[in-house]
Amino acid sequence: MSRKILLVAMFAVLFGVFATSMIELETLFNTYGKTYFLEHGYAETGASNLVTAILLDYRLFDSLFEAGILLIAVSGVIWISKHDVEEKNAKFMIDKYKTPDLFITFARLVYPLMLAFGFYVIINGHISPGGGFQGGAIVATAILILYYIDANKETNIGLIVTVEKILYLLIVLMASISIITQGAFFTNFFNPSADADLKAIYLVLLNVLIGFKVALGLWTIFTAFLKEGR
Amino acid sequence: MNPILTFIVILIGFYGLATSNNIIKSVFSVTIIESGVILLFLNLGNLEGGAIPILNDQVSYIVDPLPQALMITTIVIGSTVTALALMLCIKIFHHYGTVEWKEVLGRKDVKS
Amino acid sequence: MVDFFQSLTLIEMTAYALQALLIMIAFAIVIHKNNGTIVILIASFSLVTASLYVINNAPDVAIAEVAIGSAIIPLIYVISISRQREFIVLDKAMDDFIIHDNTFTGVGYILLKRFSDFYHLELNITNDPMYYKDTVSRDQVLTEQTNVDLIITKDPQKEDGYVLKGKASNILMSKLEEMVKDYDNIRLIKFKDRDLGE
Amino acid sequence: MSQIPVILIFLPVLTALFIYLFKWRHMHLLALLTQTGMTILAIVYFLHFKDQFEATHIILGGWSDVRIGISLANDGLSMAFIFLTLFMWWSVLTYLYRFGKTEHTFLFFLMFLQGVFLGLLQSNDLFNLFVFFELTTIIVTILIAYKKTGESFRAAIYYLLLNTSGVLLFLIAIVMLYNLYGTINIRVLSEVIHTHADTTILKFAYVLMMTGISVKAALFPVFTWLPKAHGVAQSAISALLSGLIVKGGIYLFFRINFLFESAGLPYHNIFFILGLLTALSGIIFALAQKNIKLMLAYSTVSQIGLIIMGLSSPDITTFYGGVLHTFNHALFKALLFLGAGVIIAVYRTKKLDEIRGVFRTMPIISVMMIIGMLAITGMPFFNGYISKSIIKYGFEDSVFRTLALYLVNIGTTTLFIKMSHIFFGPKMLSYPMKHRQQNITLLLLALACLVFGNFYVEIMDAFFGIDYAHITRISLGGLLDYGITVIIGILIYLYVLKKDVKLVKGIREFKISFETANILFIALLTVLTFYFVIL
């Protein structure tokens, strides 16, 4: 009990300081970045969705390592859940789990819709909300529905992981082409003064690659969880 | 006002970390803190108001797009951390038969 | 105070209401004791944050949160919470210790069922002919590397006897030991955790 | 040529991916090849830009506005850390030569970590720092859990959760700074930071950042993850963690302090106190242990305290003494951990009481270990003596500080007198194994200890342009100091530790639970807030 009181007291101090600083911030607020992106964002990147412009162009280096984190986590989760002892033949004598038929029909209906929505989000990432990461996650969710239909679905995790790694290599290569054309790493390989439609080619390509990579990565993660202990 | 309310969420997350004895709950406390931080970024980006950061002919005043781009990265990072932590949780349960911090950290039975 | 509320637009009011809801859900998760119901709270927490992102003019972030935070992450939580209540038993004896007359009425099954019900665990028994002839050291590797909590084998020293094997670090094993005391024909072996590799 | 920093980050990452994709038998040779290439690149870069690091500020994407986008920047400090990183990976890769032949997944994580760590050292963008910070945490978690024993799992999750919550505080500070200055580029920020120097929000942002970094650097109340993680992991990984990864936190400690320098925050005294508390608590816990890896891990905590004591000094020569000690500690602690790894593998136990007669079983390893011990305790001619003398020289005018330094040093000496018992005694039952590569690694590290102990003037001049000619290699006073310290250490050992009095036992059994660790973490945040913001 005493530690809870201590905690609340400390929180009160932190809260007070934070509130003061937020009140201060209202007068000190700096809008440099915002104005810059509003004025130059579309002209320099060709993406009317400024969030995508930042993710895929201004701060592409971050996005590469964001994809890298997913890659590492996928390998890590697989490594932790993997064991040397093969237990393919093991069958549970009591397995109560069974999906109701109504849900199966419903899921079959929803699955293609979600997949289509995911692809839409990936491909239109530069002009509407969304992009590679979000679309990839939606595609992964759609695949998740497949498991809902049949929980004992067999998946070749090794293959997925290999494809994922190759996709990551492709993303890094794609991002580095600009060193040849532009003389700087990690930006659009077309000239900043080029036409917006031309630059969109790069954005869509990169979004598709990232989308597939994220989808495969998340797919692997939840397959590892579903298989865990089976 | 909004950022201040959001900070309460972050503090609740820390409260959870400091009081919960269950590993899964600690993992979720971290998720709460992370969601709070994301919300704080967006609140502060939205402090002066504005349209969503997708340009068309009518838009002349937008919210800050940079925090939003950063937060997409943070969401991905947070979800991977959660996945890794929960996988460790399952393994810990099968090694120790419990996910209570006290019992997991207290057991001392390595031979070497 | 009244002026403050009157000056709010509908969206601002929704934002405050959702923020208050978020605080309530977060607090409920933190103080809630039962793991089972937490999952629903977790999913709703994620949904509320996603709607708050939309209100803050961040549709991109909201899509990411809905896709990752409301579908995949809660699923992972559900799986890991349900795995937390599992007690996995590998039956290597393959005789009427577990299955008696084609139903689960064997002595061992009743014992294990009583045990798992007492600790609110979900009993999951598996058998595997591949490991039937394996040695003792193999059993230890099995318990260490896979998620099997308990392995049942026949007792080589005693006719009609059974050996239950598990990890010494597992707290459930010491609880099971108390329970097995009353049975003459059942022994318990606890494997010490080995520190492999340098 | 000027793009070498980017190549340095991505070369190991791509190598890691190749290792994972094609699990060929000789992949470890590819890793060594990459390592050679990177070393050559780093040397070329250093020689080429030695006097004009300002010119190599790379804006990734080539944007004309520095405030937008991510940039990489180097200076003498980051270059020195890059060379340390390369050297540490050389030693770990040669040490694990045989292991790496089969364990491709392990090599994958190891090489990826190198790229990420090099990114952390060179990044000039706050959010990018956060990404690398978190990526390091995740990879290290996986490496700790790599053995897949119950103990390693619990150490891994403890590490992951505590560090992640620390890193999230760092993130809150980033949004505050971004909204204050409109940029998160570190160089730009450090030029304009003084414009809001007196505001609460700036001070609070500093406090949040420092608390996050304290967790990563294992400062006083939040070091609890370190002994768990470093004591459980494989010895090579422990060496890497103690030698280098934890130094990532220390690197950020002075990076962020540089960033806030023109704001004029009074951080010197409070971090001296925190460093002292870290050093004392680390050494007290270390003395009570009976597991050699735990002893070494807690000794890392105490040495981190010593480093922070040096780094928090306002005097620039003492500051670089702290930096030098960071390097020296990396060398001798890696040597000790790797040596201990061989000993543990041969004796198959970690308990101090069960290991005897190492000198008779493995004479070469023993000589190397003894060199490491002499270095860490501060024997003249070895590197530990030099950095400790520099710090001592800087503290000369304050009795309290000098006394504190002596106290820590006596503790360290006592610890290694206790540990040196493993060398004596008769030959014991052991499981001999071939350890030729390990011998080479240890020889390399021991030589590095001697080099740093004798050519420090030249090294420090080349990297930082600081002249340490006034610190002599050997002096009567230094020898006398060392002799007295050893005698006091022996006395403490004989009369306190050997009898295993109740107090020592109590400290050994003392455990800090996860919840308490978090309360201490919040308490640290509150105390720093009090000190910097409210007072």
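Every number here is computed from the coordinates shown, using simple stated rules; none is lab data. Nothing here was measured: the structure is a model prediction, and the numbers come from that model. Using ideal geometry, Cβ is built from the backbone for each residue, glycine included, and neighbour counts are taken over all protein chains shown.
Details
- D:H194-D:I284 FRET efficiency (beta carbon distance; Förster radius 60 Å; 0.05 resolution): 0.90
- With Cα atoms defining each centre, the stretch D:224-247 and the stretch D:322-364 are spaced 14 Å apart in the structure.
- For the stretch D:266-498, lysine pairs with C-alpha atoms less than 21 angstrom apart, excluding pairs fewer than eight positions apart on the same chain, total 25.
- Computed about the Cα centre, the dipole magnitude for the stretch D:207-335 is approximately 440 debye when only Lys and Arg (+1) and Asp and Glu (-1) carry charge, each at its Cβ.
- Look at the stretch D:507-514: the mean tally of other chain Cβ atoms within 10 Å of its residues' Cβ atoms is 3.
- Environment charge at A:F212 (Cβ cut-off 14 Å; Lys +1, Arg +1, Asp -1, Glu -1): +1
- Positive dipole terminus of the protein assembly as shown, leading residue within D:F319, D:L445, A:A215 (C-beta point charges): D:L445
- Cα centroid separation, the stretch D:179-204 to the stretch D:396-419 (Å): 38 Å
- The packing ranking, built from the mean of other Cβ atoms within 10 Å per residue, places the peptides D:64-77, D:326-339, D:274-287 in the order D:326-339, D:274-287, D:64-77, highest first.
- Estimated inter-spin distance, D:F22 and C:N34, nm [label 7 Å along Cα→Cβ]: 5.7 nm
- Comparing Cα centroids, the stretch A:2-76 and the stretch D:454-471 end up 41 angstrom apart.
- Under 15 Å, Cβ to Cβ, from D:Y159 - net charge with Lys/Arg +1 and Asp/Glu -1: +3
- Sorted ascending by nearby beta carbons within 10 Å, beginning with the fewest, D:S366, D:S389 become D:S366, D:S389.
- Residues D:M209, C:M24, D:M176 arranged by fewest to most Cβ contacts within 10 Å: C:M24, D:M176, D:M209
- Net charge dipole size for chain B [Lys, Arg +1 and Asp, Glu -1 on Cβ; Debye, nearest 20]: 720 debye
- Coupling constants for the stretch C:158-168 follow from the phi torsions by the Karplus curve (6.51 cos²θ - 1.76 cosθ + 1.60, θ = phi - 60°), and in residue order they are 10, 5, 6, x, 10, 10, 9, 10, x, 7, 6 Hz; glycine and proline get x.
- Using a simple spin-label model with pseudo-atoms 7 Å out from Cα toward Cβ, D:A462 and A:I157 lie 4.7 nm apart.
- Loop-located trypsin sites (Lys or Arg not before Pro) across the stretch C:27-124 with a Cβ neighbour count of 13 or fewer within 10 Å are C:K33, with loop assigned by DSSP.
- Charge dipole of the stretch D:266-498 about the Cα centre (unit charges at C-beta), most positive-ward option of D:Y493, D:G378, D:T413: D:Y493
- Separation of the B:I4 and D:L277 label points, Cα + 7 Å toward Cβ, nm: 3.0 nm
- FRET E, pair B:N21, B:A51, Förster distance 41 Å, beta-carbon r, rounded to 0.05: 0.35
- Average Cα contact separation per residue, chain D, under 8 Å, 6 or more apart, as relative contact order %: 14 percent
- For D:I19, the shell of other residues with beta-carbons less than 14 Å away shows a net charge of +3, using +1 for Lys and Arg and -1 for Asp and Glu.
- Going from the fewest other Cβ atoms within 10 Å to the most, the residues D:M27, D:M210 appear in the order D:M27, D:M210.
- Sequence-distant residues sharing a close amide H with C:E86 (under 5 Å, placed H): C:E122
- Assuming charge only on the beta carbon of Lys and Arg (+1) and of Asp and Glu (-1), the dipole of chain A about its Cα centre is about 760 debye to the nearest 20.
- Around the amide H of C:I186, modelled in the peptide plane, lie the amide H atoms of C:Y162, all under 5 Å away and 5 or more residues distant in sequence or on another chain.
- Using C-alpha pairs below 8 Å separated by at least 6 residues, the relative contact order for the stretch D:266-498 is 24 percent.
- Sparse packing (at most 13 other Cβ atoms within 10 Å of the Cβ) combined with a DSSP loop state is found for the following chymotrypsin sites (Phe, Trp or Tyr not before Pro) in the stretch D:470-535: D:F510.
- Built amide H within the under 5 Å cut-off of B:A51, gap 5+: B:Y61, B:I62, B:V63
- Extreme residue, positive dipole direction of the protein assembly as shown, given options C:Q157, B:L40, C:P74 (C-beta unit charges): C:Q157
- Average beta-carbon neighbours from other chains, 10 Å sphere, peptide A:41-47: 2
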